[in-house]
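> I have a structure here, written as structure tokens, and I will follow up with some questions on it.
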């Protein structure tokens, strides 16, 4: 966002000679916006686990989640048989919006599920790896 500055130009009578003009000091007042609020800095109002993107993917994808309060969280990847493939997050996570990049180049093509557990919140999403 840009705001035009507020300019103040007092009326000045032109000097009689160019020498008079060079010896004058002119003062102006300007006002500018110096900071903008970062929209991503807001703390989310609730837990959320977003769909990964891109989906389907090869070989990496991004997973995003929101945490309203700092606390323990676990984000785990499972195969279609329910076997744990990888633990993506396991520990204390600060409140806010988070994104992680997951590289699945070591995995076989197919459907996978990722599950988030934080506080009393639990959610599962599916993703498709296509090689």
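FYI, it's all coordinate maths here, none of it is from the lab. Predicted model only: the values in this text are computed from it and were never measured. Cβ placement follows ideal geometry from the backbone for every residue including glycine, while neighbour counts extend to all protein chains displayed.
> Show me the ranking of peptides 84-94, 68-78 by mean Cβ neighbours inside 10 Å, starting with the highest. Working shown, then result.
Working: 84-94: 13.1, 68-78: 15.8.
Listed from highest to lowest mean packing, they are 68-78, 84-94.
> Now for a separate question. Please grab the % of Cα pairs in the range 40-129 that end up more than 15 Å from each other.
That fraction is 56 percent.
> Moving on. 7 Å from Cα along Cα→Cβ at both residue 51 and residue 85: what's the point-to-point distance in nm?
Rounded to a tenth, the inter-label distance reads 1.8 nm.
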